[in-house]
Amino acid sequence: MIHRPKNVRSSRGSRIIWCTSGLAVAFVCSLTRQGHAEDAPNKTELSKDPPGSAADQSVSKSTKKETEEARLLFSKGLEHLKDKAYADALQAFQEAHDLSPHYTVLYNLAGVYEKLEEREKSIEFYRAYLEAGHASISPARQAEVASTISTLEEEIHSQEAPQPAIVELEIQPPHALVTVDGRALASGLVSVELESGKHLLSVKAPGYEELSLHLNLSPGDKSVVAVALTAKVLTEPSPPVLATPRKSKKLSSQQVAGLTLGAVGFAGASTALGLFIWNETRHSKWQEEQGEIAALPPADPNTANRRAASNATLQSIKTVDTVTWVTAVAGGTLIAAGTLGYFVDFSFKKHEVTVGLSSLHYSTHF
């Protein structure tokens, strides 16, 4: 994606050139507008006469001293205009008008406000100029001032109304569907006007990955949005893996015998363990009984009886001990034999051997 903003500076394309000339206290100022020169009847000229001159038929009741001061201020204002010191020129013209009001000064004040881009004040003084001048202003000048007022009003309106942002679209593939804030645009549209602010632009097409962009547009902005969708990678689905059912394996007779031997051997080993525990308990009691017999009087008849019973018990313990070990060995042997019988194949297979005999030659002579 490429996003290239284009800064465009807007202007009404007009320029005011103030020209001055004077004889004593007379000054000439010319005003021309670029782009409107052909529409104007002729070059607009400011009054050659400052306030209080002989040509001024509407001289106020200002004193001679005030009129003279007004002339000087008027001259200073024209000099400031030549130097493009518009703030100083505005002050000089305003003071001159306050001392000796004259409609021509209103025209100069309107022109200075226009140069300072104070359009509303400029319109105010242009209208005051037309109202104060009445029939003294030529029709051509009235038309020119009216056109200037109209232009200034349009400029004020254009500044108040937010300028739309222009977005130029470069979309690939061309048939892709483009939406802005969920609103679909016409197919093949190459430019669209949007309000300033944030917008969500989405582009999608069959067989391509969808792409969304966040735009933050300024009033009057011109932008180029280039989007090239990426084709989807189509992959064939893998075939399903079918589980192969296990075939039940039938045990051979040898494996059955092995399991049987193992089971018998396990039972024998368990029996041997039980006998061992039981016999150890008997042996512990026999040892305790030997301590008691040793404490009896040797001449006591019961001592001999208990000693005989103790000897019989000991003989039984030894016998059971022997049986226990024999049973344990037999059980272990059977378990080992059963394990081998189950896991090791002892069957003997016949192998056919083919013997190739070469041709035999028998001798018939002795």
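Here are some notes:
One line per residue, one yes/no per condition, for (1) surrounded by fewer than 15 Cβ atoms within 10 Å (Cβ to Cβ); (2) of a type in the set (D, E); (3) not in a helix (DSSP H, G or I):
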site	(1), (2), (3)
V264	no, no, no
L273	yes, no, no
F276	no, no, no
E280	yes, yes, no
G291	yes, no, no
A294	yes, no, no
A312	yes, no, no
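- When the range 180-201 is limited to residues that are polar (S, T, N, Q) and either assigned to a loop (DSSP other than H, G, I, E, B) or modelled with pLDDT of 90 or more (or both), the one that is farthest from Q163 (Cα to Cα) turns out to be S187.
A quick yes/no check of all residues on (1) assigned to a helix (DSSP H, G or I); (2) at pLDDT 65 or above; (3) within 60 Å of the chain's Cα centre (by Cα); (4) farther than 20 Å from A272 by Cα:
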| position | (1), (2), (3), (4) |
| --- | --- |
| V326 | yes, yes, no, no |
| G331 | yes, yes, no, no |
| L334 | yes, yes, no, no |
| G338 | yes, yes, no, no |
| G341 | yes, yes, no, yes |
| D345 | no, yes, no, yes |
| K350 | no, no, no, yes |
| L357 | no, no, no, yes |
| H361 | no, no, no, yes |
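- Criterion applied to A299, A308 was being over 18 Å from N279 (Cα atoms), without any contact (Cβ under 8 Å) to a residue 60 or more places away in the chain, outside any helix (DSSP H, G or I) and assigned by TED's automatic domain parsing to the domain that holds W278, and the one residue passing it is A299.
- Selected residue (only one of E120, E153 is among the acidic types (D, E), without any contact (Cβ under 8 Å) to a residue 40 or more places away in the chain and either surrounded by fewer than 13 Cβ atoms within 10 Å (Cβ to Cβ) or in a strand (DSSP E or B) (or both)): E120
The values are calculated or read from the model by the stated rules, or taken from the named source; none is laboratory data. Bear in mind that the values here come from a model prediction, so they are computed numbers and not experimental data. Positions of Cβ are backbone-derived with ideal geometry, glycine not excepted, and every protein chain shown enters the neighbour counts.
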